[in-house]
Amino acid sequence: MPGTPLAGTSFAAPLGPWAGYTFAGHTVYAATSAHQHIEIVDLPAFGDLGRAYRLDGRFMASLADAHICHECMVHPLLLAHGDAQRVLILGGGDGGSAREVLRHASVKEVVVAELDAQVPAAILQHMPTLPDGAFDDPRTTLVVGDARDLVEAAMAKGDRFDAVVFDLTEADGDAASLHDAPFFSNARSLLTPRGGIALQLGGPWLEGARVRRMLDALRSVFVHVLPMTAYVPLYGTQWALALASDTLGMRELGALASTPLPAPLQRLRHYSPLRHAVLFDIAPELRDVLGQG
């Protein structure tokens, strides 16, 4: 539960290069690993679910709204596939995407490729309800190391996955090369015939050029690229995500709007058949950035 914020304590939340805002709060934990600065903070603005974490000064997720991106990336893709058994998560050290993947009864193996071992360690100590046991599930394998290396090793072995979820930091700095056409092509080579990838694109209002570059890169690799949008309170803006596949297109995704969720998914906090069409309905003012699928 969040405590009383220290006087004068505020945390910057950048919205691309031209905008930003702040949260009042206080630090629960801070450490610098070999890769980045990790902070766990309490944000009273979100009440009892106000615990959040930051990497190198950027907010990644809070208990209040982390489910929005995780549910949107995971469930439409896995439901459209229908029988996903092996899932690769690139990044994903907070366990939120793995938690959602493991709700699907068909899933037999989840591989989480996290660069920094201190991220899951900090999350398990200070925000354990975020992974909610995902790292203890026998179907989950946590591999500590660079996602590039894991993908290259999987390609060399001829390994295949039904879904690849990009649960990474924003597509700049060290993560930029994980969001370009060559890397998307590498991820595509790991997919089974009905497989697909899911990823976050960023804020289309404030980072439109970068979002568009990623979508152009995806469309140069995959037959079907389906953007979606959702408002994420921690990020302070409408957020864009996308699914990409050679076989799963709008017909397969559109059918989910009229298909009841299986029992393990009926208590989701954000995604539902009623919301499905809204997620993928790109508003006219964003079509120059996101296109129409």
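Here are some notes:
- Against the empirical curve 2.2 N^0.38 Å, the C-alpha radius of gyration of the chain lands at a ratio of 0.95.
- In the chain, Cα pairs under 8 Å separated by at least six residues give a relative contact order of 16 percent.
- Over the stretch 4-121, the alpha carbon radius of gyration divided by the compact-protein estimate 2.2 N^0.38 Å works out to 1.21.
- For the stretch 43-109, convex hull volume per residue from C-alpha positions, Å³: 88
- Label separation (Asp159 vs Asp246): 2.0 nm, computed from points 7 Å beyond Cα along the C-beta direction.
- Whole-Å distance, taken between Cα centres, linking the stretch 27-94 and the stretch 109-146: 11
- In this simple spin-label approximation, Ser258 and Gln238 carry label points 7 Å from Cα along the Cα→Cβ vector, and these lie 2.7 nm apart.
- Accessible surface of the chain, 1.4 Å probe, proportion on carbon and sulfur as whole %: 54
- Computed extension gain for Arg148 through Leu274, at 0.36 nm per residue and net of the alpha carbon distance, reaches 41.7 nm.
- Of all DSSP beta bridges confined to the chain, the antiparallel ones make up roughly 65%.
- Cα convex hull, the stretch 71-123: 69 Å³ per residue, rounded to a whole number.
- Rg/Rh ratio calculated on Cα atoms of the stretch 84-170 (Kirkwood radius): 0.95
- Remark on the stretch 192-289: ratio of C-alpha radius of gyration to 2.2 N^0.38 Å is 1.11.
- Estimated D of the stretch 119-162 in µm² per second, where Rh is the Kirkwood radius over Cα pairs and Stokes-Einstein applies at 4 °C, 1.567 mPa s: 105
- Angle between the chain longest axis and helix 147-157 axis [Cα atoms, degrees, rounded to 10]: 30
The values are calculated or read from the model by the stated rules, or taken from the named source; none is laboratory data. These numbers come from a predicted model, not from an experiment. Counting neighbours? That spans all protein chains shown, and the Cβs are built from the backbone with ideal geometry, glycine included. These area figures cover heavy atoms from the full protein model, side chains too; ligands, DNA and RNA do not enter into them. Shrake-Rupley method; radii C 1.70, N 1.55, O 1.52, S 1.80 Å.
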